[in-house]
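Have a look at the structure below, then the notes.
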Amino acid sequence: MKPWKEIARIKGDEVQSNESHFQMLGGGTLLIRSVGIEDQGLFKCGVVEEGLETFSVTNVSVFKSPIQPQLTKSYLTSTVGRHSEIGKCVAKDGYPVGNITWYKNGKVMFANGNETQNKLHILKNQNTGLYTIESTLYHTVIKADMKAKFFCEVVYPFKEGNATQRSEPVTIDVHYPVESVTIEVEPPAGTIREGDTVTLNCMADTNPSPAEYLWEKDGKPLKGEGYLTRGDLSNLYTLPTVTKEDEGEYTCTVYDFNYNTKSAVRFIRVKAAKENNRFDEGEVFPAIAKESHSADRHGESKALNRDAMIIGILVTLMVVAFLTSVAYYLCYYRKKTEK
């Protein structure tokens with residue numbers, strides 16, 4: 001046990017002080033100026049009268065809130081499924097040592113030794129006695145983390161109990177392979193007629209944006225002016241003036257950052273113009289025939305031959321009418337003969 005150190009004394013009207021930031025006031029009150037960490041400890045006040053000493057001991061605790069914790073991202077991007085270093089949280093110049101907690105979207109991230117881990121490092125400033133806490137978060141990234149907000153919170157003891165400070169939140173850029181591909185048609189609805197302008201939009205669920213797109217029509221790569229070929233970074237394909245020759249099955253294949261691929265298929269049906277550049281008002285014509293789901297090879301969608309259906313119906317009606325007439329004639333002739 002360390003010996004007691006005298007810091008101030010009152011003897012009669014004489015006041016003595018052995019430390020510059022200690023001051024004795026009237027009635028035996030001790031004033032401590034510019035309290036520091038070194039002032040924490042036990043203080044004893046004693047009174048000596050007629051050779052007898054009476055004293056009292058009190059404990060002084062010193063608290064210092066740390067600077068607001070600073071959170072820095074460790075890497076610009078993280079990939080789904082990888083155990084990545086998300087960031088480092090630093091809380092400087094606090095006393096005594098606090099505790100750092102990590103949050104994702106407002107919920108505590110408990111270290112479980114598998115998906116989530118954190119490493120704690122405590123530094124003490126030998127000149128001031130204050131502590132700096134560093135906590136590094138490791139986390140197995142999932143797709144939902146792309147928009148998640150991460151922040152850290154330091155909890156430190158204070159005279160009223162505990163106090164907290166939080167860092168500013170950060171988000172991370174999450175890379176994930178292509179999951180699905182769809183083709184959207186603009187304009188989105190209605191009959192496609194010769195002379196219209198149609199744009200196909202290849203939409204891919206992946207991050208970052210696909211490295212390449214490959215457009216094909218009826219299984220053959222599209223070439224020529226206005227067509228997109230493998231290596232193009234645009235997901236749009238435009239038919240400026242649609243003709244019947246543009247009718248067919250369009251496939252968009254996407255290549256992601258790891259060159260995984262997925263495809264989507266869309267069948268485009270074009271309504272031909274009459275010589276007078278008008279259409280039969282009573283004729284019903286479907287818009288876009290079919291859109292396929294994502295696939296790794298071409299679909300097998302086929303358009304119905306509407307003209308063949310109409311001709312078949314007419315032929316069937318004619319046959320029925322003919323057979324009815326023949327039956328009527330035979331019945332009538334037989335009855336007439338019997339008479």
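Read-outs throughout are calculated quantities, based only on the coordinates presented, and are distinct from any laboratory measurement. Since the model is a prediction, treat every value here as computed from it, not as a measurement. Neighbour counts run over all protein chains shown; Cβ positions are idealised from the backbone, glycine included.
Cross-link pairs exceeding 32 Å in C-alpha to C-alpha distance, out of LYS2/LYS92; LYS64/LYS119; LYS147/LYS262; LYS143/LYS271, comprise LYS143/LYS271. When you count the other C-beta atoms within 10 angstrom of each residue and take the mean per peptide, 101-112, 78-89 line up highest first as 78-89, 101-112. Shape descriptor for the range 64-201: Rg over Rh equals 1.28 (Cα atoms; Rh from the Kirkwood inverse mean 1/r). The P(r) of the range 150-217 has a tail past 13 Å containing 78 percent of all C-alpha pairs. Computed across the range 1-119, the Kirkwood hydrodynamic radius from all distinct Cα-Cα pairs reaches 19.5 Å.
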